[in-house]
Every structure is written in structure tokens, then in C-alpha cells.
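Asks: One structure, pasted below without further comment.
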Amino acid sequence: MKRIVCILLCILLLTACQPTPEEEVILNKGDGVLMKKIAEKPAEEKRLEAPARVDETIRAGDLNVELVAAVELPSGNRYPVAEVVPRTCDAAWARDMLTRIADGRTLFVRESEAGENMTREGILREVQAVQASLESFDETYGNLPESEQAEMRAQLNKALEVWSAYYREAPESTDGIEADLSDAAYKANGHMSAEIDDERPERKYHSAIEADIFGTVTFMNMDDTISRTTQYESVVGPLRGVTLNKDEAVAVAKTFLAKLGETELEPVLVFAADCPCNGEEYERHDEQAYAIWFTRPVNGMPGAMTLSQQDAYGVYSQNGGDKAYSEPCEQEYAYFLVRDSGVNWFDWYAPSTVTRIVNENVALVPFETILATFRKQIVVEAFPALESARAYVKNISDQEKMTITDAVLRIDRIALESVRIRKEGATGTFLLVPAWSFYGELVLRGENLDDLRYDGWAIEENGDAVYFVPGGCYLQINAVDGSVINPALGY
């Protein structure tokens, strides 16, 4: 319930009291400069001049920005621009992905927890949940206006009717029923899914595979019965419950990708991930897995793996925002959880193909120009996670006396990488361009911040709340023309 209230408050705070910047936001608005520079003759091969690290503090009202960052350059001295297109994610592609992952094993119907292919046991749980809501209706919904109560009661009764009808038609078990991998099923459902029976004596958990029309491939290997995790830390030694070292874990992931016909992706991030257990009691256990992210490099330049933390629509900074009329320009990456038993979780987002190198070595703007843009722009970009925390604290502070006295954005890594942007005037075709990514974490100081842990923050021994996600990127700046890249617009 706290998270629901927090989300509602965040919506109300979309026009939060953040200052309007004195200077116009620096964005490439299709003025043609970028494409002109890319079309120029390849520059002379020369390593970009940049310091090994940056140490400075930017004081900006409610948010202080600490640059305590290592500067990462690619190993080579050339900075290419490539053209890339998404893979064709049709039924034939989805079948191929599922078949390759199954590796000769039979693909069975995947029993869903809600929706298609449910058994009577699963549907009965849904029926009982609706019945319980009806039995406690007055206690739960008694404070609503009568009209809303009537509408809610009608919805619950309708749900009970639908689930009851579904129960009468559902099978007792899906054991032994092979998955429908037809074109018609893929078109109807928007995805193709199945389970692999790993020949364990009891069919309690099967490993699930899915590929969908958006180009996402997912594999959940239930051998260790662990679920995906969001608790990460640096790899500083042997992992708990794992005998593989980091290099061995990366090799396992590469072998898995090769089985899918993909040999070009390279690892860019490796973390130790805590493993929640999906056993009988859903208890946590004190073990870990290697969390590995792969991206697509271009002639030796690594691809960026970013989870953008930018104020992409300009709502917190009140700068007018950018109205996006298309889906965000997603970056391609593959994510693994690897343990001794092999790949326990796999996601592949936005699979793509590099079609050509547009410029083998494009000229880049000086690093100092990039830093100047960062100093000017960061104060109107890094607000979403911060405002979410402020809303959460405001919501529960009356009961628990939570207060935020100081907010610090700590940038600890600045990397020159290959980043996907839209190609001007070419729908469905993208460019991989050199860009600077600013990675870091948010730190909140105050009183009684412990409950922020339920909103994705870690609480340190001194009471500070830290928001960290692997690939948490607070600003990306195009290294070719110096423009700020807006992840909502894709350029």
C-alpha cells in the first residue's frame, strides 16, 4: 500500500518546485550537425585526450553533485559510428530461440499463474481470492461512496463469474501437453512460451522460456529455484554458495549466447547478486550468483549498459519537456544470473544486427566541452529517483518522523561507449554513436530513513540511504556533437 500511495504522490509531484534553468536545455533537435559530422571523412587515428579521473563538486540548491569519477576510454584509438537494425521478431525467430535453448528437450505447455494454460488448481486460488474480497467487502471498501462501492462489487462478481466458468473448462494438469509453437498462436498471444522438463522426479518447477514480438527472450532455469534479484554488490572475492570464479561464469554465459547463434556480444558489467529462494516457504537464503550484462560492441568500442535515471520528459525541472510520440530507443543488452548449475536466469532485450560501419573514426568534441555540458545540465536531469524518495518520505513522515536534510548525486564512473540513437529520417534504423555516460548513485542524509529500503534504497551503517542500480546513468552526452541524449526521444 505504501508503494501505491508513493506512486500517486509522484504523479502529483510532476510539477515539483524545481527551478527553471536560465539557459536553454542542450539537446540535439535535428539541426543536422550530427549527421554532417558523421558524413565527414574519417578522422586521423588518435587517442582522445582525457584525464584519468575527475574530482570536483557542483553545488546546486537541493542537490549537490560530486564528481569522484574514473574516466574510461575504449582500448583502441578509433571511434566508429555504425548503423544497426532490430532483429525480425516473427514466429520463426521465436521458435528458433525456444528450440535452441531447449537443446533437444521437449517443449511443454507453460502453465501460467494468471491467464492462458492455467490448471484448475491455479484457477481455484483466483476464485478463492475473489470470494475473500467479497466476504470482507464492507471492511475494505466501506468508506467509498455508494456508487463506487456498487461498481467495485459488480466488478468482483463479474470476475468470480469469469473465473468460475474458466475453472469448469480448465484441465486438472498440463503434464505431457506439448507447447503450441504455431504462427497462429504467436500472432494471437504476442509471445511464444514453453517449459522444459529437466527430468526431475517431481514436476514441481519447470524451466520456462519465452520470446515475444518486442524482441525480448527470457529463460528461467529453476534448477536452483532462485528468482531474479535486484540486490547487487561488487565482486570482491568468492561468491557465497558458488565455486565458479568470475571468468568461468562469463564463459558459461558466452557458451549460452553461442547456442543462440550470438557470438558478438561482450560482457561489460559483472556483479554479485543476492539470491532470493523460491522454495516451500519463499525464504531468503544467504547465497549469491554472478549477474552479468552483455552489450554489442562496435569495432572494439563497448556498448553502453544503462538504466537511465534522467528526467527524460522534463517534468521535474519544469523545462517544458519533450513530447515523445514513439517508444523509447531501447539499448540492446543480455542479462545473466550464473551459478554452478549454469545459467539460472537470462534476458535478452532488443536483439539487433549491425548492418554497416558508417564512419570508421568520427571526430569527437573535446572532453572539457563534455564536462561543461554536464555541469550545466545535470541539475535539471537527475530528479526522478530523488523525487520518488521525497514523495515517499512526505507520505510517511507524520507517522515515522522521516526527514531528508541533504541529497548528493555521486558520479563515480564516466565512460566513452557506443550508444544507440535514432537515425534521422529512417524509421526502424538506428545509429550506434560514441557517447559519454555518467554513472553513479544517489545518497540521502537525514533522520529515520530506514523504511526507504522498501522503496529500493540501501541503508548504510551511518543511516544514509543509497540508491544504486547497475548501469544507473544520470546523463548521456553525444561525443560527436556534444548534445545531451534524451532517452525518451532516442537522440
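The values are calculated or read from the model by the stated rules, or taken from the named source; none is laboratory data. Keep in mind it's a predicted model, so treat the numbers as computed, not measured. Ideal geometry is used to build each Cβ from the backbone, glycine not excepted, and the neighbour counts take in all protein chains shown. For accessibility, only protein heavy atoms count, side chains too; no ligands or nucleic acids. Shrake-Rupley method; radii C 1.70, N 1.55, O 1.52, S 1.80 Å.
Asks: In Å², what does the accessible area per residue of segment 118-201 work out to with a 1.4 Å probe?
Replies: Solvent-accessible surface per residue comes out at 67 Å².
Asks: Over the heavy atoms of F383, what accessible area does a 1.4 Å probe trace out, to the nearest 10 Å²?
Replies: Looks like 10 Å² after rounding.
Asks: Report D96's accessible area, 1.4 Å probe, all protein chains in place, as a number in Å² to the nearest 10.
Replies: 60 Å²
Asks: Kindly report the accessible area of segment 337-491 per residue (heavy atoms of protein chains, probe 1.4 Å, no ligands, DNA or RNA), in Å².
Replies: Per residue, segment 337-491 has an accessible area of 33 Å².
Asks: Please list E56, E417 in order of solvent-accessible area, largest first, computed with a 1.4 Å probe with all protein chains present.
Replies: Order by accessible area, largest first: E56, E417.
Asks: List, in the order given, every pair from K37/K376; K41/K423; K36/K376; K46/K423; K41/K376; K41/K254 whose Cα-Cα distance in the structure shown is over 29 Å.
Replies: Checking Cα-Cα distances, K41/K376; K41/K254 exceed 29 Å.
Asks: What FRET efficiency, computed as 1/(1 + (r/R0)^6) with R0 = 35 Å and r the Cβ-Cβ distance, is obtained for T405 and D247, rounded to the nearest 0.05?
Replies: 0.20
Asks: Related question: How much accessible surface area, in Å² rounded to 10, belongs to the heavy atoms of Y454 with a 1.4 Å probe?
Replies: Answer for Y454: close to 140 Å² accessible.
Asks: How do M305, M35, M220 stack up against each other in accessible area, from largest to smallest, with a 1.4 angstrom probe?
Replies: Sorted by accessible area, descending: M35, M220, M305.
Asks: Go through W345, W436 and list them by solvent-accessible area, largest first, probe radius 1.4 Å.
Replies: Of W345, W436, the descending order of accessible area is W345, W436.
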